[in-house]
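Structure first, then comments.
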Amino acid sequence: MPGPIVHLRVAGDFDQEIARFSVSTDGEAFRPIGGELRTAYQLKTFQGVRYALFAFNEKGREGGHADFDTFRLDEPLADRSRNLPLGKVVTIRNLATDQLAWASPHGMLHSTDETSPQAAAGGIRFRLHDRGQGRVALESADGRGFLTVVSEGLSADVRLMPAESGGSLFQWQDLLRGEFMLLSLRTHRYLGIDPGTGEPYAADWPGAAADRRNGTVFHWTEPLPTNEP
């Protein structure tokens, strides 16, 4: 080393479960050291890869020390404040079925294909209202009412109601890149659908599967403008 100070950096790609290490003597120009490290996370014992810093005397002698200082963490995806489409009109696609959430003429929340006659007739667009602390209310963009959990939140208990109420509140849980879940603050369970039955939506799901495809994870998109109010 040309001097007593060295800068160490680890860049984590958590989608690919890979970490890349690099080193610099001036804090500006970094060069890679070692190969890619696989950072697989597994739930068998609920643990992942951890970082550690330590010093040793390469000559096998006693003495010497290292001071590790100025630890900085940069998380470009940590600020999720702009991930919620507050005030916008969106369509909501279920990852498990690849179908849109659709409020039927009777008000119940079903699924439909994007090119179906039901989608063309409306009921697939929802306006997201900010209710503070990540809580939201979803209003049908055609003016028919607010998505509301009634009764016990069973299948067909998620429907449009003319007036907003406590059952209309959901906790929006952002999963990055447009994916999210909706926790009903009436049932304290998640909004979801059984992909194999075709039943209407319920709000009694305990959570998502590891692959996010059990019917409780959605993806939002801003559709093209329409003539709906």
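Quick notes on this structure:
- Among residues of the range 124-139 that are part of a strand (DSSP E or B), those with a beta-carbon under 7 Å from a residue that is among the polar types (S, T, N, Q) at least six positions away or on a different chain give the pairs Phe126/Ser140; Arg135/Gln171; Ala137/Ser168.
- Any chance Ile5 is within 22 Å of Ala210 (Cα to Cα) and of a type in the set (A, V, I, L, M, F, W, C): no
- Pairs meeting the criteria (first residue in the range 209-225 and in contact (Cβ under 8 Å) with a residue 40 or more places away in the chain and at positive phi, second residue of a type in the set (S, T, N, Q) and surrounded by 12 or more Cβ atoms within 10 Å (Cβ to Cβ), beta carbons under 8 Å, at least 6 apart or on different chains) are Gly215/Asn94; Gly215/Thr97.
- Scan the range 164-208 for residues that are outside any loop (DSSP other than H, G, I, E, B) and within 17 Å of Arg135 (Cα to Cα) and the total you get is 17.
- Looking across the range 186-229 at every residue that is at pLDDT 95 or above and among the polar types (S, T, N, Q), the one that is nearest to Asp157 (Cα to Cα) is identified as Thr187.
- Residue in the range 9-27 that is farther than 30 Å from Leu147 by Cα, modelled with pLDDT under 85 and not aromatic (Phe, Trp, Tyr) present: yes
- Top-ranked residue in the range 137-159 [being out of contact with any Lys or Arg (no Cβ under 6 Å at 6 or more places or on another chain) and under 18 Å from Pro223 (Cβ atoms); ranked as surrounded by the most Cβ atoms within 10 Å (Cβ to Cβ)]: Leu147
The values are calculated or read from the model by the stated rules, or taken from the named source; none is laboratory data. Treat the numbers as computed from the prediction; the structure is a model and nothing was measured. All Cβ positions, glycine included, derive from the backbone under ideal geometry; neighbour counts span all protein chains shown.
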